[in-house]
Amino acid sequence: EASKMVLRAREMMSVADLRDVSLEEIAHRLGTSYSNFRRTFREHTGVGPHQYRLHLKLSHARDLLMNTDLSVKEIACQSGFEEEQYFCRFFKKAMGKTPSNYRAR
């Protein structure tokens, strides 16, 4: 039951239409409390739902950087980051290089 809930949550977080739905709303749609959802998700994946969602956004951004000519600002937006500056700081911290440097390699 719990593993099915986590699988469904991961699917929901991956679907473009639901990418901006709050984690609290995902928990609600799964029929559980947010605290139970967070705890169960972490137990099954090793990371919290927020960290998991950030990883999905980062992965999407890396794909766009390598396979499109979109600007960094457009990529930040399409990847679900509200601010380009936050995206650039987060990307550099996670990847060790700026989005532009990552694309150039």
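Accessible area per residue, 1.4 Å probe, Å², for the chain: what's the number?
I get 64 Å² per residue for this part.
For the range 6-105, what is the convex hull volume of its Cα atoms per residue in Å³?
It comes to 101 Å³ per residue, whole-number rounded.
Restricting to DSSP loop positions (anything but H, G, I, E, B) with no more than 15 other Cβ atoms inside 10 Å of their own Cβ, which GluC sites (Glu not before Pro) remain in the range 1-91?
Within the range 1-91, the qualifying GluC sites (Glu not before Pro) (loop, at most 15 other Cβ atoms within 10 Å) are GLU1, GLU82, GLU83.
May I ask you to give the percent of accessible area on the chain that is carbon plus sulfur, with a probe radius of 1.4 Å?
Within the chain, the accessible surface is 46 percent carbon and sulfur.
Given labels modelled 7 Å from the Cα in the Cβ direction, how far is it in nm from ARG29 to SER59?
1.7 nm
Please list 3J(HN,Hα) in residue order for the range 57-64, calculated via the Karplus relation 6.51 cos²θ - 1.76 cosθ + 1.60 where θ = phi - 60°; whole Hz, with x for glycine and proline.
Ordered by residue, 3J(HN,Hα) equals 4, 4, 4, 5, 4, 4, 4, 5 Hz.
What's the tally of Lys pairs in the chain whose alpha-carbon atoms lie under 29 angstrom apart, where the two lysines are 8 or more places apart or on different chains?
Count of close lysine pairs: 8.
Pop out the ³J(HN,Hα) list for the range 84-92 in order, Karplus 6.51 cos²θ - 1.76 cosθ + 1.60 with θ = phi - 60°, rounded to Hz; leave Gly and Pro as x.
4, 5, 5, 4, 4, 5, 4, 4, 5
Quick one: Karplus J couplings for the range 29-41, per residue in order, coefficients 6.51, -1.76, 1.60, θ = phi - 60°, nearest Hz, x for Gly and Pro?
5, 8, x, 9, 6, 5, 5, 5, 4, 4, 5, 5, 4
The values are calculated or read from the model by the stated rules, or taken from the named source; none is laboratory data. For clarity, every value in this text was computed on a predicted model and none was experimentally measured. Neighbour counts are summed over all protein chains in view; Cβ atoms, including those assigned to glycine, are modelled from backbone coordinates with ideal geometry. Surface areas here come from the heavy atoms of the whole protein model, side chains and all, with no ligands, DNA or RNA. Shrake-Rupley method; radii C 1.70, N 1.55, O 1.52, S 1.80 Å.
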